[in-house]
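Taking it in order: structure first as structure tokens, then the write-up.
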Amino acid sequence: MSTQPPPPPPPPPSPGEYPGPSMGQKPPSNLVWGILTTLFCCLPFGIVSIVYAARVDGKWSGGDAAGAQADSDNAKKWAIIAALSGVAVIVLYVIVVIAFGVSMSGDMSGSEF
């Protein structure tokens, strides 16, 4: 009876490559977008984006590819919401400043110094 030696183990992953299920592509964490929208747009929504982005790598390395993808999608969604909220606040601020300036110029036009 001859026994064959066991097959060689698979090679270890290269640096930066996460051994996820079926070795698919790791979803992007969108951490940079979360940080930028937190700093420049909307703090509360940006923080939510950062929290979801921080969970992507842990879930991916733990073998939860679906969870990593869901957290990646949520991080992107909240970064977009934060960016749009920041733009909306800026637009509203400009409208209020212009309206205040127009109302002040109308009040001052009839008065004498």
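Of all the residues in the range 3-23, those that are at pLDDT 80 or above and surrounded by 11 or more Cβ atoms within 10 Å (Cβ to Cβ) number 0. Restricting attention to the range 19-62, the residues that are touching a residue at least 40 places away in the same chain (Cβ under 8 Å) and farther than 28 Å from residue 86 by Cα total 8.
Checking 65, 75 one by one, the residue that is under 25 Å from residue 90 (Cα atoms), among the small types (Gly, Ala, Ser), touching a residue at least 40 places away in the same chain (Cβ under 8 Å) and touching a Gly at 6+ places or on another chain (Cβ under 8 Å) is 75 and no other. The set of residues in the range 26-56 that are under 16 Å from residue 73 (Cα atoms), outside any helix (DSSP H, G or I) and either touching a strand residue (DSSP E or B) at 6+ places or on another chain (Cβ under 8 Å) or not basic (Lys, Arg) (or both) comprises 27, 28, 29, 30.
Residues considered: 66, 79, 70, 83. Of these, the only one that is surrounded by fewer than 14 Cβ atoms within 10 Å (Cβ to Cβ) and either part of a helix (DSSP H, G or I) or out of contact with any strand residue (DSSP E or B) (no Cβ under 9 Å at 6 or more places or on another chain) (or both) is 66.
The values are calculated or read from the model by the stated rules, or taken from the named source; none is laboratory data. Here the structure is a predicted model, which means the values were calculated and not measured. So basically every Cβ, Gly included, is an ideal-geometry build from the backbone, and we count neighbours across all protein chains shown.
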